[in-house]
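The values are calculated or read from the model by the stated rules, or taken from the named source; none is laboratory data. What you are looking at is a predicted structure, and each value in this text was computed from that prediction instead of being measured. Backbone-built Cβ (ideal geometry, glycine too); neighbour counts: all protein chains shown. Remember, those area values only see protein heavy atoms, side chains included, never the ligands or the DNA or RNA. Shrake-Rupley method; radii C 1.70, N 1.55, O 1.52, S 1.80 Å.
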Amino acid sequence: MKKTKASLITTFTWVLVLVFFFPVGWMFLNSFKSENDAASIVPKIFFDVDFAGFQRQVDAIQRPIFVGLALVEGLFDL
Amino acid sequence: MTATTPAAASMGKIAKKNVWLSRSLILPALIFGIVMTQIPFLVTIYFSLLNWNLLKPGEIGFAWFKNYVSVFTTGDLVPSIIATVGITTSAVVLSLLFGLLFAILLDRNFRGQALARTLVITPFLIMPAAASLIWKYSMFDTSIGVINWVTSSLGLPSIAWSTDLPLATVIIVLTWQFTPFFMLILLAGLQSQSREVIEAASVDGAGAFRTFQWMTLPHLRQYIEISVLLGSIMLLQVFDPVAIMTKGTGGTKTLAYLLYERAFIGLDVGQAAAYGVVTVVLTLIVATIALKTLFKVFMAGGNR
């Protein structure tokens, strides 16, 4: 009886934790979706993995990183 | 009056010298702090006395207290204070309740306890702007949002959250974000409670609810007070969910957003600066009261 009660509370805890975490988890899943899959009206749990979003971010930060490196190199050359 | 020996006098001199040396060593940091925090504030006060609209660059001039008069007469200030207080209070109360629930549930020993704690803390760790964007598009959106998909699958009408229920939307997002903060403080409080006392209570025949009401809750009191004070200070400056989700409509125009609106949408630098100064004064009053209470709580905590 006591064991059943404990496992019921544990289940309740996990359900609550997962509901609470869901938005962050969904963002994580969406980051691997293509634009169309991420904006589908019926939410897609299974989808083709697409790294286009990450690719865009890497492309966007590439240049400032090189500028930073050049600055550091310049400092060491002094 | 006591007579001082020459040796003692020279010792005093050395000590005095050391004090000045140590003070001068702090000086760079002090100057940096003053430059970074006080000069912008002085500049803001100066701006607040100017008649400066970015659309009329030719008409910059001294307006003296005209901006302050308009702050108090245009009638935007009071609704904004009400919105700020309302949003802060409801978010703090809800976060406290959920935080307490999570703290109690996660204080038990169960499978994957560490993982569950980590998952619950994440909303507090992600950027406020990112959190608002997740809720705006992935959760609350009328066509692609998950929540509306769930409600429509259950046969309920879909809700345009950020336009129909703007206040509730902002409060939900803030509660979601700040629950982990309250949970962390309350969990620390729960873990500092001695197990023997609880065991003794259960031996004496106290049920779970009575133990909680008469032993755990009084023990948690100081933790609740501290979390409420710190949470209120953080929530008073809330800006991101308002700017991203509701744009200040439907009674969600907090002081921070009002200031932003005057400066970057109204393009009236002078009036925005006046709002800023008034906000700082109001926040100072609230913060002084809050810190005094906090200090009292600490003193009482030491005597307990």
Anything losing 50 Å² or more of accessible area from the isolated chain to the full protein assembly: pick those residues out of segment A:17-62, probe 1.4 Å, ligands and DNA/RNA ignored. A:V17, A:F20, A:F21, A:P23, A:V24, A:M27, A:I41, A:P43
Suppose accessible area is computed on protein heavy atoms with a 1.4 Å probe; arrange B:M36, B:M215 from highest to lowest. B:M36, B:M215
Report the A-B buried area as the accessible area lost on both sides summed, probe 1.4 Å, in Å² to the nearest 100. 2100 Å²
If I stretch the segment between A:K2 and A:F46 completely, what's the gain in nm (0.36 nm per residue apart, minus their alpha carbon distance), one decimal? 12.0 nm
With contacts defined as alpha carbon pairs under 8 Å and 6 or more residues apart, what's the relative contact order of chain B in percent? 27 percent
What is the mean projected area of the alpha carbon convex hull for segment B:199-264, to one decimal in square nanometres? 6.8 nm²
Rounded to whole Å², per residue accessible area for the protein assembly as shown with a 1.4 Å probe reads 63 Å²
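Given just the C-alpha atoms of segment B:133-218, how large is their convex hull per residue in cubic angstrom?
Enclosed volume per residue, from the Cα hull, is 148 Å³.
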For A:K5 the rounded accessible area (nearest 10 Å², probe 1.4 Å, non-protein molecules ignored) is 120 Å²
In deg cm²/dmol, rounded to 500, what helix-only [θ] at 222 nm does chain B give when every DSSP H run of at least 4 residues adds -39500 (n - 2.57) and the total is split over its residues? -23500 deg cm²/dmol
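Tell me the carbon and sulfur percent of the accessible area for segment B:31-83, rounded to whole percent, probe radius 1.4 Å.
On segment B:31-83, the fraction of accessible area on carbon and sulfur atoms equals 77 percent.
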Amide H contacts of A:S34 (H built 1.01 Å from N, under 5 Å, at least 5 apart or other chain): A:D50
Take B:W176, B:W214 and sort them by solvent-accessible surface of the protein heavy atoms, 1.4 Å probe, largest at the top. B:W214, B:W176
For segment B:160-229, the percent of accessible surface on carbon and sulfur atoms (probe 1.4 angstrom, ligands and nucleic acids excluded) is 65 percent
Any residue on another chain or 5+ positions along whose placed amide H is under 5 Å from the amide H of B:N51 is listed here as B:G61, B:F62, B:A63
Gain on full stretching of the segment that runs from B:L101 to B:W20 - 0.36 nm per residue minus C-alpha separation: 23.9 nm
Given R₀ = 22 Å, FRET efficiency for B:S153-A:F28 by Cβ-Cβ distance, to 0.05? 0.45
Please report the equivalent ellipsoid semi-axes of the protein assembly as shown, computed as sqrt(5 x eigenvalue) of the Cα gyration tensor, largest first, in whole Å. 41, 37, 26
